[in-house]
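Colleague: Dropping the structure in here first, questions after.
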Amino acid sequence: MLFDALCYALSGFFMKFSDEAMDTKNNKVLAIITGLLCVFFTVLVCATSMDAVFIFVSILIGTALAKKVDSINHIISAIIFILLLYIIAPQFWAILLNEFGWIWLMLCIIAAYIDEKGNDFSDNKEENNEEVTLVDKFFKYRYALKVTVLIISLIGLLFRFFSITRGIYLFNPMTFICFYLFDLSYEFVGLYFDRFYDLF
């Protein structure tokens, strides 16, 4: 699980770095390189954790639906991620169809989409110097998907406790902690991006 946690954290680190390199510095080369590093660590954790496949596929689809896959670093990273995922996690498709995995995937996609739209709304309020509420902060830090993953992880824990494990895919209860590390790393880069950027 330590390996998974490290990969989640590094995935979040390089995902945000790639975004900031493109959005604030217009450094396409660095944005593509760090985007590919994000894909590398994401694929590593997806190779060992099917929960990660559900989470990162939902992030990709949710952001695409929100029209956020909109730059060269995003497009290249998305294509390579999909191709590698098809190779390393063929059982994902079977789980979707045979173990009700599509329920978790749909919930996570909806949450990821809500996060992106809510984040835009929160950012617009800040830019217009409007009062920022607790709900705005919820979306600013994209908590919809985190809460969804927490609930699915708790359901997995509950089902295991009552030995309901056949015919349904269950998240590992530790998945939420790993995913939260992803998000903490993502936000950390956002706060200190210029310092990290100067290292390059």
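The values are calculated or read from the model by the stated rules, or taken from the named source; none is laboratory data. Please read all numbers here as calculations on a predicted model, not as lab measurements. Only protein heavy atoms, including side chains, enter the accessible area calculation; ligands, DNA and RNA are left aside. Shrake-Rupley method; radii C 1.70, N 1.55, O 1.52, S 1.80 Å.
Colleague: Starting at the first residue of segment 74-91, write each ³J(HN,Hα) from the Karplus equation 6.51 cos²θ - 1.76 cosθ + 1.60 with θ = phi - 60°, in whole Hz, x for Gly and Pro.
Modeller: 5, 5, 4, 4, 5, 5, 5, 4, 4, 5, 5, 5, 4, 7, 8, 10, x, 5
Colleague: Of the accessible area of segment 93-200, with the probe set at 1.4 angstrom, what percent is carbon plus sulfur?
Modeller: Roughly 66 percent, rounded to a whole number.
Colleague: Something else now. Quick one: what does P(r) look like for the chain with 10 Å bins over all Cα pairs, in whole %?
Modeller: Spelled out per bin, shortest first, that is 9, 34, 38, 15, 4, 0.
Colleague: Please report the projected area of segment 91-200's Cα convex hull averaged over all directions, in nm².
Modeller: Values: hull surface 37.6 nm².
Projected over every direction and averaged, the Cα hull of segment 91-200 covers 9.4 nm².
Colleague: Tell me the per residue accessible area of the chain using a 1.4 Å probe; a whole number in Å² is fine. Before the final figure, lay out each step's value.
Modeller: Numbers: 10900 Å² over 200 residues.
That works out to 54 Å² for each residue.
Colleague: Here is a follow-up. Between segment 50-103 and segment 109-181, what is the C-alpha centre distance in whole Å?
Modeller: What the calculation gives is 17 Å, centre to centre.
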